[in-house]
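The values are calculated or read from the model by the stated rules, or taken from the named source; none is laboratory data. What you are looking at is a predicted structure, and each value in this text was computed from that prediction instead of being measured. Note that each Cβ is placed from the backbone with ideal geometry, even for glycine, and that neighbours are counted across all protein chains shown. For the accessible areas, the whole protein counts, side chains as well, though only heavy atoms, and no ligand, DNA or RNA atoms are used. Shrake-Rupley method; radii C 1.70, N 1.55, O 1.52, S 1.80 Å.
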2 protein chains.
Amino acid sequence: MTENGAIGVFDSGIGGLTVLRELLTRLPGESFIYFGDTARVPYGTKSAETVLKFSRENVTFLLDQDVKFIVVACNTASAEAVPRLQREFRIPIVGVIEPGVRAAVRMSKTSKIGVIGTAGTIRSEAYQRGIKEISPQAEVTARACPLFVPLVEEGWVDTPTTEMVAESYLGEYRKREIDVLVLGCTHYPLLRDVIGRVVGERVALVDSAVETASEVQRVLEGEHLRNHGGEVDFTIYLSDIAPDFKQVGERILGREIPQVRLRLV
Amino acid sequence: MTENGAIGVFDSGIGGLTVLRELLTRLPGESFIYFGDTARVPYGTKSAETVLKFSRENVTFLLDQDVKFIVVACNTASAEAVPRLQREFRIPIVGVIEPGVRAAVRMSKTSKIGVIGTAGTIRSEAYQRGIKEISPQAEVTARACPLFVPLVEEGWVDTPTTEMVAESYLGEYRKREIDVLVLGCTHYPLLRDVIGRVVGERVALVDSAVETASEVQRVLEGEHLRNHGGEVDFTIYLSDIAPDFKQVGERILGREIPQVRLRLV
């Protein structure tokens, strides 16, 4: 593990490319190795034990690639596994929950905060507990939105159906008068327009990809792990390569993906 | 492998319990071992190579339980792996595609047949090819419906949202004047009412669970593999046990599930 090693990023699938995108923009002098567990995606509907088991395997794979730092880009894995992984492994590990929690508390004036995510993320109560820890008076309303991920993967990001689903899940937030909503899943920022219309324009949306990239930069500097010169690049490993991956992945990442490697699980 | 062994059934998750339900009703003198690969569900969005790899592992697990016969209750695994598994293993293996194909051809008078399923099942063209083989003049229109599984798993089986999604996917079938629609995914029969309303009451719906149970009975008798006396029971193994499994599983199976065993993958 040296300061010129790559930064490892893992996610249950390809949604975490939103985090990689922010990291590439913010840290152009670093190399990255991304692993998306597309053979076993999604994690959000599975038990905490299974999510922990898969997350441990993903960390071990990234360590085998000599990474210097690990970013858990998946909200479910961050919620259900990161505290445990941080105790078990010596490498610095950053998840997406803490940066999202801090941003939500910083941005809220009324302390009425909404949190949305997968069934696993919401059931873990990681966001709810995290917000209460630094802002005990906060009123947090959490809601699982299991259909948002398949809607994004179907490409229906702004259709009447998506609007109707969003209304079912989020309509009640208008009554609760929240002023911040945490988008607690990497896919949700792609539904930003619909979500924003349903909850109202006065509600600020927290995008964990942006917040996490900023946290990674801070920790890298604090631990003196910034890369000093040398070649930089990024490599993407997936456990299943779907026929349309390159097209979908490049849309999410916002740049060309030169090569994808298969890592069987 | 003896005639008093159990019948093994596997599926990518718990949708295949609809097939087990039919088998338990139709073959009350048989024992069953069901394996649902809930840690890696769904298969329908993944590549053919991955579906074949997982399917081989599932067959091997069932063989370790000394089953006498294997039913592949998952449409995606049936489409992408069954012909290969039948060549590789000596045990009789029945998938859900062939029974569905035969029922569709038998039931259609106009030879205009619709087929719906996951992205993997439709991409494999297993139904389309199977129908054309026994009815070359048939006109088959196939459509992937990726949102149907998450809608069922969310419990939204008959909501305005489900109706709207069904209209998007299936509305065009009204113009094509099909008279049979194959429900090529174990979850879809749970949406039978909505699907029936959208395509029109003159369209007959083929439920692969029912057709497959009938095929299994025929093959068991043909190969002299019927159980003759002795205790019978059924055992369910899952690779991930979600907190709400018992409740959801019993709703699909239509009977009590005494015990669920974990089989890590």
task: Considering only region B:15-43, state which residues are more than 11 Å from chain A (Cβ to nearest Cβ) and either open to solvent by less than 10 Å² (accessible area, probe 1.4 Å) or within 24 Å of A:S239 (Cα to Cα) (or both).
output: B:G15, B:G16, B:L17, B:V19, B:L20, B:L23, B:L27, B:E30, B:F32, B:Y34, B:F35, B:G36
- line: Restricting region A:44-66 to residues that are part of a helix (DSSP H, G or I) and among the small types (G, A, S), the one surrounded by the fewest Cβ atoms within 10 Å (Cβ to Cβ) turns out to be A:A48
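One line per residue, one yes/no per condition, for (1) open to solvent by 20 Å² or more (accessible area, probe 1.4 Å); (2) assigned to a loop (DSSP other than H, G, I, E, B):
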site	(1), (2)
A:T212	no, no
A:T235	yes, no
A:I241	yes, yes
A:K246	yes, no
A:R251	yes, no
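Out of A:V165, A:V149, A:V194, A:V182, I need the residue that is under 16 Å from the mean Cα position of the chain (by Cα), among the β-branched types (V, I, T) and over 18 Å from A:V210 (Cβ atoms). Which one?
A:V149
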field: Filtered residue count, region B:199-210, keeping only those that are part of a helix (DSSP H, G or I) and acidic (D, E)
entry: 0
Complete set of residues in region B:253-265 that are without any contact (Cβ under 8 Å) to a residue 60 or more places away in the chain and assigned to a loop (DSSP other than H, G, I, E, B): B:E256, B:I257, B:P258, B:Q259
message: Taking the criterion of being over 19 Å from A:T38 (Cα atoms), among the hydrophobic types (A, V, I, L, M, F, W, C), open to solvent by 10 Å² or more (accessible area, probe 1.4 Å) and assigned to a strand (DSSP E or B), would at least one residue in region B:7-14 satisfy it?
response: no
query: Which of the residues that make up region B:217-233 are in contact with a helix residue (DSSP H, G or I) (Cβ under 9 Å, 6 or more places away or on another chain) and not in a loop (DSSP other than H, G, I, E, B)?
result: B:Q217
message: Pairs please, first residue from region A:71-82 and outside the structural domain of A:P42 (by TED's automatic domain parsing), second anywhere and open to solvent by less than 10 Å² (accessible area, probe 1.4 Å) and of a type in the set (G, A, S), Cβ atoms under 9 Å, 6+ apart in sequence or on different chains.
response: none
- line: If we ask which residues in region A:179-197 are assigned to a strand (DSSP E or B) and at pLDDT below 95, their number turns out to be 0
- prompt: Which of the residues spanning region A:106-126 are touching a helix residue (DSSP H, G or I) at 6+ places or on another chain (Cβ under 6 Å) and closer than 25 Å to A:L52 by Cβ?
  reply: A:V115, A:G117, A:T118, A:G120, A:T121, A:S124, A:A126
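Residues of region A:24-43 being part of a loop (DSSP other than H, G, I, E, B) and polar (S, T, N, Q), which ones?
Hits for region A:24-43 are A:S31, A:T38.
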- prompt: Within the bounds of region B:200-210, is there any residue that is small (G, A, S), crowded, with 20+ Cβ neighbours inside 10 Å and in contact (Cβ under 8 Å) with a residue 40 or more places away in the chain?
  reply: yes
statement: Here, strands (runs of 3 or more DSSP E) confined to region A:75-178 with at least 3 residues that are buried (at least 19 other Cβ atoms within 10 Å of the Cβ) and either at pLDDT below 95 or away from chain B (no Cβ under 14 Å) (or both) are A:93-95, A:112-117
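Filter region A:165-199 for residues that are hydroxyl-bearing (S, T, Y) and touching a residue at least 24 places away in the same chain (Cβ under 8 Å) and give the result.
A:Y169, A:Y173, A:T186, A:Y188
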task: Scan region A:44-64 for residues that are touching a helix residue (DSSP H, G or I) at 6+ places or on another chain (Cβ under 9 Å), among the β-branched types (V, I, T) and either under 9 Å from A:A81 (Cα atoms) or more than 8 Å from chain B (Cβ to nearest Cβ) (or both) and report the count.
output: 2
- prompt: So which pairs qualify, if the first residue must be in region A:83-94 and within 11 Å of A:V71 (Cβ to Cβ), the second must be of a type in the set (S, T, Y), the Cβ gap must be under 9 Å, and the two must be at least 6 apart or on different chains?
  reply: A:V94/A:S78; A:V94/A:T212
message: Please count how many residues of region B:179-189 are more than 30 Å from B:K68 (Cβ to Cβ) and either within 14 Å of another protein chain (Cβ to nearest Cβ) or open to solvent by 10 Å² or more (accessible area, probe 1.4 Å) (or both).
response: 1
